[in-house]
Amino acid sequence: MRESMARDFANPNLSMGDVAAGVGLSERAGYLAFEAAGLGFTQELQTLRLDQAREYLLGSSLRVIDIAFAVGFSDASHFYRLFRRRFKCSPVEARATQAWSRLGAA
């Protein structure tokens, strides 16, 4: 199921039902499989999206809002909030810090 999520994470409507059906399970069985592994579907999906967003921030010149939408977030403020919680800085700060690091200033 994680492979399916990694492939389709940018779909803003991706659901456990979609992921589970992709591997021949019911939605309930999908949730139980994640639970048995000590994982949460929503948290795993957010992690995939945020990790990819960070890669885009550090490796492209796309606008932050475009990156948020490209990785599957449909609400910019939700993206900013989750990004800050995960990486302890805003997306703009992450990009600026990386730029300074490349220049040898940090």
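Might you check whether a residue that is basic (Lys, Arg) and over 15 Å from Phe9 (Cβ atoms) occurs anywhere in the stretch 49-64? Yes, some residue in the stretch 49-64 is basic (Lys, Arg) and over 15 Å from Phe9 (Cβ atoms). Got at least one residue in the stretch 75-89 being loosely packed, with under 13 Cβ neighbours inside 10 Å, outside any helix (DSSP H, G or I) and in contact (Cβ under 8 Å) with a residue 60 or more places away in the chain? No: zero hits. I need every pair where a residue in the stretch 23-39 that is within 15 Å of Glu3 (Cα to Cα) and open to solvent by less than 70 Å² (accessible area, probe 1.4 Å) has its Cβ under 8 Å from the Cβ of a residue that is part of a helix (DSSP H, G or I) and acidic (Asp, Glu), sequence separation at least 6 or different chains. Going by the 8 Å Cβ cut-off, the qualifying pairs are Phe34/Glu44. For Gln98, the criteria (1) in a helix (DSSP H, G or I); (2) open to solvent by less than 50 Å² (accessible area, probe 1.4 Å) hold in every case but one, which is (2).
The values are calculated or read from the model by the stated rules, or taken from the named source; none is laboratory data. Everything numeric in this text was worked out from a predicted model, so none of it was measured. Glycine also receives a Cβ, built like all others from the backbone with ideal geometry; neighbour counts cover every protein chain displayed. Note: accessible area is taken over every heavy atom of the protein model, side chains too, but ligands, DNA and RNA are not part of it. Shrake-Rupley method; radii C 1.70, N 1.55, O 1.52, S 1.80 Å.
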